[in-house]
Amino acid sequence: MTTPTPVVELVGAGFAYEDGPAVLTDVSFAVHEGRAVALLGRNGGGKTTLLRLLSGGLRCGSGALLLDGAEVAHDRKGLTRLRTSVQLVVQDPDDQLFAASVAQDVSFGPMNLGLPEDEVRLRVTEALEALDITALADRPTHLLSYGQRKRAAIAGAVAMRPRVLIMDEPTAGLDPHGQERLLETLERLRAAGTTVVMATHDVDLALRWADEAAVLSPAGLRTGPAADLLADDALLDAARLRRPWAVSVGRLLRSQGLLPEGVPTPRTAEDLDALLDRVG
């Protein structure tokens, strides 16, 4: 079976900031349509740099960035083409929000594309509804709570109708309720056809949410099924990540004969409850 062409891909990418050491060396990372991908690694390990390369905010020092298999040119035409398909939401929403009101901020990207006014209004309405912040449309951005600012920043990216939505630590600073609401939103976006890439330090969240994981360590980038990579103790140690609680629980259950071979390790508390109900 032929492997589909990734939507966006870094091939042999390297990058160093001016007068600094290499942050990334010979990194290849492919994002396929319809996936939920968690990017994990230690602080200062290059996750944010990788996301900015993937979204065109930084230019590879070596290697290439591809969109639908074709190299992206870092000129106005090439970057416009990329940003209609790939959008990045940065970690701090205050670095992204700048307009007077939420609706004005969300409309900025579509207006920059030169879309008709009716189309811009439609996209703003859809994005606000998708993030459940329609009631905040006229609210000044400086009067929003932190969680509301996060959602407004994501809405601005969603209004561009990207095929790939990239987010840098989107759950950072959110309380548990805010995290759950965000995950519900991401699930709706995925159901509507958006591919989501999330950088996170939260291994439990990554195991629960992601289909695929990409783990960045000093040895490079490894990608694969989230359940496999996040059970690799040597890889987690190299990346300075702890083992997800579900992996530890799964190993304990198997050692006690409560989780037969071939039965997937529970990823969430709900999965664990359901499993214990069956065996109990």
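The values are calculated or read from the model by the stated rules, or taken from the named source; none is laboratory data. What you see is a predicted model, and the numbers here were worked out from it, not measured in a lab. Don't worry about glycine lacking a Cβ; one is built from the backbone with ideal geometry, like all the others, and counts go over all protein chains shown. For accessibility, only protein heavy atoms count, side chains too; no ligands or nucleic acids. Shrake-Rupley method; radii C 1.70, N 1.55, O 1.52, S 1.80 Å.
Residues checked against (1) touching a strand residue (DSSP E or B) at 6+ places or on another chain (Cβ under 7 Å); (2) under 30 Å from E117 (Cα atoms); (3) of a type outside the set (A, V, I, L, M, F, W, C):
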residue	(1), (2), (3)
P162	yes, yes, yes
I166	yes, yes, no
A172	no, no, no
L183	no, no, no
A191	no, yes, no
D202	no, no, yes
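Can you find even one residue in region 21-43 that is in a loop (DSSP other than H, G, I, E, B), over 30 Å from D228 (Cα atoms) and at pLDDT below 95? Write out each step before concluding.
We begin by selecting, within region 21-43, every residue in a loop (DSSP other than H, G, I, E, B); these are 21, 32-35, 42-43.
Next cut, over 30 Å from D228 (Cα atoms) only: 21.
Subsequent filtering for residues that are at pLDDT below 95 retains 21.
Yes.
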For this session: Answer yes or no: is there a residue in region 120-133 that is touching a strand residue (DSSP E or B) at 6+ places or on another chain (Cβ under 8 Å), crowded, with 17+ Cβ neighbours inside 10 Å, over 30 Å from A70 (Cβ atoms) and modelled with pLDDT under 95.
Result: no
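Within region 184-223, can you find the residues that are outside any helix (DSSP H, G or I) and over 21 Å from G14 (Cα atoms)?
Of all residues in region 184-223, those outside any helix (DSSP H, G or I) come to 192-202, 210-223.
The answer is A192, G193, T194, T195, V196, T200, H201, D202, A210, D211, E212.
Take region 56-103 and flag every residue that is of a type in the set (S, T, N, Q), open to solvent by less than 50 Å² (accessible area, probe 1.4 Å) and within 21 Å of E33 (Cβ to Cβ). Break it down stepwise before answering.
Just the residues of region 56-103 that are of a type in the set (S, T, N, Q), to begin with: 62, 80, 84-85, 87, 91, 96, 101.
After this cut, where a residue has to be open to solvent by less than 50 Å² (accessible area, probe 1.4 Å) as well, the list is 85, 87, 96, 101.
Answer for region 56-103, where residues must be of a type in the set (S, T, N, Q), open to solvent by less than 50 Å² (accessible area, probe 1.4 Å) and within 21 Å of E33 (Cβ to Cβ): S85, Q87.
So is R52 open to solvent by 30 Å² or more (accessible area, probe 1.4 Å), in contact with a Leu (Cβ under 6 Å, 6 or more places away or on another chain) and within 26 Å of Y146 (Cβ to Cβ) or not?
yes
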Exercise. Does region 192-208 contain at least one residue that is open to solvent by 70 Å² or more (accessible area, probe 1.4 Å) and either touching a Cys at 6+ places or on another chain (Cβ under 6 Å) or under 19 Å from T48 (Cβ atoms) (or both)?
Worked result: yes
Exercise. So which residues in region 234-262 are within 21 Å of G44 (Cβ to Cβ) and either open to solvent by less than 20 Å² (accessible area, probe 1.4 Å) or in a loop (DSSP other than H, G, I, E, B) (or both)?
Worked result: L235, L236, A239, R240, L241, R242
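Restricting attention to region 141-150, does a residue exist that is in contact (Cβ under 8 Å) with a residue 12 or more places away in the chain, open to solvent by less than 60 Å² (accessible area, probe 1.4 Å) and more than 19 Å from the chain's Cα centre (by Cα)?
Initially, region 141-150 is screened for residues in contact (Cβ under 8 Å) with a residue 12 or more places away in the chain, giving 141, 144, 146-150.
Then drop every residue that is not open to solvent by less than 60 Å² (accessible area, probe 1.4 Å), which leaves 141, 144, 147-150.
Still in the running and more than 19 Å from the chain's Cα centre (by Cα): 141, 144.
Yes, region 141-150 contains at least one residue that is in contact (Cβ under 8 Å) with a residue 12 or more places away in the chain, open to solvent by less than 60 Å² (accessible area, probe 1.4 Å) and more than 19 Å from the chain's Cα centre (by Cα).
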